[in-house]
1. Could you work out Rg/(2.2 N^0.38 Å) for the chain, with Rg from alpha carbons only?
2. What are the radius of gyration and Dmax of region 28-94, computed over its Cα atoms and given in Å?
3. At most 13 other Cβ atoms within 10 Å and a DSSP loop assignment: could you name the GluC sites (Glu not before Pro) in region 14-110 that fit?
4. Tell me which lysines have Cα within less than 28 Å of Lys98's Cα, excluding those fewer than 8 residues away on the same chain?
5. If you count only protein heavy atoms with a 1.4 Å probe, what accessible area per residue comes out for the chain, rounded to a whole Å²?
6. What fraction of the DSSP beta bridges in the chain is antiparallel, stated in percent and rounded to the nearest 5?
Amino acid sequence: QVQLVESGGGLVQAGGSPRLSCAASTGTFSGYFTAWFRQAPGKEREFVAAISRSGGTYYTDSVKGRFTVSRDSAQNTVYLQMNSLKPEDTAVYYCAAKNGPFMIQESNTYGYWGQGTQVTVSS
């Protein structure tokens with residue numbers, strides 16, 4: 001099992017570049033497929049980005065070229081570097097993990113979740 005703790009959110013101006021962190025407080029990321037989701041007010045939770053056990057990365061179209069997901073195995077942490085933020089990126093961002101790279105954009109296939117971190121982008 002793995003317990004996830006996100007950090008790094010807050011109030012950011014449009015165009016800003018915050019970095020979110022997802023630390024595994026117990027367990028390690030080495031055996032898991034890890035993803036970032038986000039949920040804006042009144043909307044469903046949506047897939048943002050993911051990184052596989054081998055380091056392969058996946059992104060939803062709206063963040064390609066702006067967001068980068070990475071993993072530091074020594075720190076047991078997965079990051080989401082967000083650049084060129086837009087007001088429509090405002091949401092609670094969640095880190096999630098599961099055992100395999102199947103249906104990676106479906107939130108209900110992930111068994112482990114962090115508590116979420118709020119990112120608010122002001123225009």
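1. Values: Rg = 13.2 Å, N = 123, 2.2 N^0.38 = 13.7 Å.
Normalised by 2.2 N^0.38 Å, the Cα Rg of the chain equals 0.97.
2. Here Rg and the maximum Cα pair distance are 12.2, 37 Å.
3. Numbers: sites: Glu44, Glu46, Glu88, Glu106; in loops: Glu44, Glu106.
Sites meeting the loop and neighbour criteria: Glu44, Glu106.
4. Those lysines meeting the cut-off are Lys43, Lys64.
5. Numbers: 6110 Å² over 123 residues.
I get 50 Å² per residue for this part.
6. Values: 36 of 40 bridges.
Just about 90 percent of them are antiparallel.
The values are calculated or read from the model by the stated rules, or taken from the named source; none is laboratory data. In this text, all values refer to a predicted model and were calculated from it rather than measured experimentally. Here Cβ is always computed from backbone atoms with ideal geometry, including for glycine, and neighbour counts include all displayed protein chains. The protein model used for the area step is the full one, side chains on, heavy atoms only, and it has no ligands, DNA or RNA in it. Shrake-Rupley method; radii C 1.70, N 1.55, O 1.52, S 1.80 Å.
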